[in-house]
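Encoded as structure tokens, the structure appears first; notes follow it.
The values are calculated or read from the model by the stated rules, or taken from the named source; none is laboratory data. What you see is a predicted model, and the numbers here were worked out from it, not measured in a lab. Every residue, glycine as well, gets a Cβ built from its backbone with ideal geometry; the counts of neighbours run over all protein chains shown. The accessibility values were calculated without ligands, DNA or RNA, using every heavy atom of the protein model including side chains. Shrake-Rupley method; radii C 1.70, N 1.55, O 1.52, S 1.80 Å.
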Amino acid sequence: MNGARQNAGRWALVTGASAGIGEAYARFLAARGHSLVLCARRVDRLESLAETLQRNHQAEILIRPCDLSDPDAVESLVDSIDVNVDVLVNSAGYAIPDYFVESDWKTLRAFLEVMAMVPIRLSHAFTPDMVRRGWGRIIHVSSLAAFVSESPGSLYGPTKTFMVGYARSQARELAGTGVHVTALCPGFTRSEFHDVLGNREEVDRLPRWMWGDVEPVVRAGWYAVEKGQEICVPGLVNKGIHALFSMMPALVERRLPHAKMPGRQKPT
């Protein structure tokens, strides 16, 4: 309750709020007393979530449906937000099932907009005012994939690696301002991510100990950004994988087997 009173009046913008980590952050922040701007493509899910949070936490909610792959829509989103954003959670993201050479440029460009340009644009829009107010929290949802062996023909890992580097750079620029930035790097997390990607059957064959629930991931990311930690790898298994790949020579790492895309053969 004390935390809720402390956060009363502080607005949080959450992208990808209709499912997965984004939705879990919306629930987490509402329970802590934050008002919320929820952004995602699926209006029905945003409306349902907003109704639940208003009923359970008396949270003030603004819904901003948006296709983040459209730069014009993103600019309209920024212009439509007339509250002071104190917390920014960049959680929107997805993966492309096809190899790079098999994907058309329109698909790749839309992916890069969502995964790289949007977090930067939203940071650029709202960070200066956070600095002027002397308080802010920014969480960029990256992935353990930022640190492990890159899958052939995939842009997912490289974009997540970029987000870690961007978060580090931003955190160091903002040191001492009261604005904290963290790259949250979860491993396999139970959500609908793999259903959308189309490889649910394959990933379900992985051992249960490799999977984590979304709520502990969200809590770990929040506690990390509160402490001013640049990177958060939640879970003991993920921390071990991160440490292993950090110590592994690049020559050995490149020779590791890579998972194939679901239903695709490696192009020749």
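Structure data summary
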| item | result |
| --- | --- |
| In Hz, Karplus ³J(HN,Hα) per residue of segment 89-100 (6.51, -1.76, 1.60; θ = phi - 60°; x = Gly, Pro) | 10, 8, 10, 4, x, 6, 10, 9, x, 8, 5, 3 |
| For segment 24-150, alpha-carbon Rg over 2.2 N^0.38 Å | 1.15 |
| Loop-located trypsin sites (Lys or Arg not before Pro) in segment 35-86, at most 14 other Cβ atoms within 10 Å (DSSP) | Arg42 |
| Average accessible area per residue (Å²) across segment 33-97 - probe 1.4 Å, nucleic acids and ligands excluded | 47 Å² |
| Cα convex hull of segment 114-162 - mean projected area over all directions, nm² | 3.8 nm² |
| Estimated dipole of segment 1-139 in Debye, rounded to 20 [Cβ of Lys and Arg +1, of Asp and Glu -1, Cα centre] | 720 debye |
| Rh by Kirkwood over Cα pairs, then Stokes-Einstein D for segment 59-110 at 0.890 mPa s and 25 °C, µm²/s | 180 µm²/s |
